[in-house]
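*Asks:* Starting off with a structure, shown below.
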Amino acid sequence: MVGFDSVGPYLQSPPYFGALIGRYSNRIAAGKFSIGDKQYTLATNNGANHLHGGLVGFDKVIWTAAPITDSIPSLSLSYLSKDGEEGYPGNLQVQVIYSLTDDDGLRIQYEATTDQPTIVNLTNHSYFNLTGDTKQTIRQHLLQLNADGYTPVDKGLIPTGEIRPVAGTPFDFRTATAIGSRMDSVEGGYDHNYVLTNANGSLQKVATLTEPGSGRILEVWTTEPGIQFYSGNFLDGKFVNHTGTPVQLHTALCLETQHFPDSPNKKEFPSTLLEPGKKYVTETIYKISVAK
Ligand code: GLA
C-alpha cells in the first residue's frame, strides 16, 4: 500500500492515496449533468472536467469516526454532505464501514441516503504494489479481470459511451497477464473502466492481482458493475511514500470498484441516480493471501 505518514499531504490535490472517494468517483464531463429537466454544474478540477468529487471531495472532508464494538473489529465513518456541496443536489448522509473478514479481507460497506434526487458513486482509491517496495514497478504483476469489455475514453478520459470488447486488444486481462507486457501500447498506460461480466449487484470476485516474486495475491470482490484499472500513470516522484520513497511512474496501481465514469451523461450506462426514500448500498472486499 502507498500512503503518507502525516495528514498534510492528503489535503493536496491528487494522487488520492488510500482515499475514500465521493460523491462521484472518476469523471463527469464538463462537470455538468441533468436530473429530469434540471441541470447541475459541479466544480471542475481536472481540466474542464469534474474528478473524484471536486475541489474538496470526500477525501478531504472531516468524517465522524466511531469504532463498532462487535466480534469483528470495524470502523464506521459517517458524513453529511450538504445540499450544494461541490454543486451536487441534496443533503447526502453517507456511512462507510471498514471491517476485517476472518479470511484476511478488508471489507468496505458503503451506504447513502438523500433528501433530493442526486447522483452517488463511491469508491476506495488505495494503491497497491505487492512487492512491498515502491522502488519497483508494477509491470511484472499479473492481473486477471473478469471483464469482457471496457469503456474507451476521449483525450480528457471521458468515456465515449461505447462498450468495446477487450478481445484482441491490450485491454484483455481475462486470463492473468503481466501488466507491463502490453502497457506501452496503451497511450499513457491503463486508466480505464472495465465492464464486469455478469455483474448483478451480488458480491463477486472480479479481479486477482499476483506478484510472482513474493507470491502475494490480492483479490477484489465487489457488488459494483465496473472497476477502474489505473496503472499509476500520473505518479511522477513528487509524492513521497510513508517509507520515504518518492512514488514514481507505474510503481503502484489502483483497482477502483465503481459505476462507470460519466454515467449521469450516458443513459446507456447503469444509473447512478439516488432518490429520496431509497438507499445506496454497495460493498467491496480487498483480500490478501500468499500462493502456497
Ligand atoms: C483515477 C483516475 C485517474 C487519476 C487518478 C488519480 O484513477 O481515473 O485518471 O485521476 O484517479 O490521480
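We did not get these values from a lab; they are worked out from the coordinates using the rules stated. Remember, predicted model here, so these are calculated numbers, not experimental data. When we count neighbours, we look across all protein chains shown, and the Cβ atoms used for this are built from the backbone with ideal geometry, even at glycine.
*Asks:* Using Stokes-Einstein with the Kirkwood hydrodynamic radius over Cα pairs, what translational diffusion coefficient do you get for the chain at 25 °C and a viscosity of 0.890 mPa s, in µm²/s rounded to a whole number?
*Replies:* D, rounded to a whole number, is 127 µm²/s.
*Asks:* About the Cα centre of the range 66-114, what is the dipole size in debye to 20, counting +1 per Lys and Arg Cβ and -1 per Asp and Glu Cβ, all else neutral?
*Replies:* 160
*Asks:* Roughly speaking, what is the centre-to-centre gap between the range 125-153 and the range 241-292 when only Cα atoms are used, to the nearest Å?
*Replies:* Here the answer is 13 Å between Cα centres.
*Asks:* Spelling out what I want: for every residue of the range 42-52, take phi, set θ = phi - 60°, compute 6.51 cos²θ - 1.76 cosθ + 1.60 (Karplus), and round to whole Hz; glycine and proline get x.
*Replies:* Calculated HN-Hα couplings, in order: 9, 4, 9, 9, 9, x, 7, 9, 8, 10, 6 Hz.
*Asks:* Same structure again: Towards the positive end of the charge dipole of the chain, with charges on Cβ (+1 Lys, Arg; -1 Asp, Glu), say which of 120, 289, 178 has the farthest Cα.
*Replies:* In the chain, that residue is 178.
*Asks:* Right, something else. Extent of the range 103-161 along each principal axis, from alpha carbon coordinates, in Å, largest to smallest?
*Replies:* Computed over the range 103-161, the largest-to-smallest principal extents equal 46, 36, 24 Å.
*Asks:* Nearest 20 debye, what's the magnitude of the dipole of the chain about its Cα centre given +1 on Lys and Arg Cβ and -1 on Asp and Glu Cβ?
*Replies:* 240
*Asks:* Output the peptides 250-262, 221-233 sorted from most to least packed, where packing is the average of other Cβ atoms within 10 Å over each peptide's residues.
*Replies:* Top to bottom by mean Cβ count within 10 Å: 250-262, 221-233.
*Asks:* Now a separate question. For residue 267, go through the aspartates and glutamates and keep the ones whose alpha-carbon is under 16 Å away, minus same-chain ones fewer than eight residues off.
*Replies:* List returned: 37, 162.
*Asks:* If the cut-off is a Cα-Cα distance under 27 Å, which lysines reach residue 266, setting aside same-chain residues fewer than 8 apart in sequence?
*Replies:* Correct list for residue 266: 32, 38, 82, 155, 205, 278, 279.
*Asks:* Can you tell me how much longer the chain between residue 278 and residue 234 gets when fully stretched, taken as 0.36 nm per residue apart minus their C-alpha distance, in nm with one decimal?
*Replies:* 12.2 nm
*Asks:* Run the numbers for residue 181 and residue 5: contour at 0.36 nm per residue of separation, minus the present Cα-Cα distance, in nm.
*Replies:* Extending this stretch completely gives an extra 60.1 nm.
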